[in-house]
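Below: one structure, written as structure tokens.
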């Protein structure tokens with residue numbers, strides 16, 4: 001049951017930012033000197049993953065992307081680097097999750113604490129890494 005005060009975003013709005021977060025996350029496995037195979041493979045992988053995610057997962061990944069680059073045109077190299085640094089630094093990850101948790105709770109059916117949001121995000125990214 002959805003909270004009557006929640007602001008819902010359609011899947012079509014969430015698809016691209018979530019895809020770009022996945023693409024950035026899996027991109028850390030590639031050598032950026034050979035950009036063409038990276039762009040092709042990571043883009044196709046990210047698109048296929050995003051299609052199978054729940055609305056809540058799409059929202060979570062979209063909020064992560066928008067936190068670093070609200071343009072939704074594609075992550076700049078600086079935004080991509082900052083996102084990756086944040087995901088692998090506990091203090092920065094917690095700070096980001098504290099901000100995003102409030103935004104998530106305003107739009108999602110299930111309310112979360114910051115720690116639970118962070119655990120869900122890490123679990124989702126671990127799942128994506130396993131699929132990769």
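Structure notes:
- Segments 123-131, 13-21, 62-70 sorted - mean Cβ within 10 Å per residue, highest first: 13-21, 62-70, 123-131
- A crude spin-label estimate for the pair residue 48 and residue 130, with each label 7 Å from Cα along the Cβ direction, gives 1.8 nm.
Every number here is computed from the coordinates shown, using simple stated rules; none is lab data. Quick caveat, the model's predicted, so the values are computed rather than measured. All Cβ positions, even for glycine, are placed from backbone atoms using ideal geometry, and neighbour counts span all protein chains on display.
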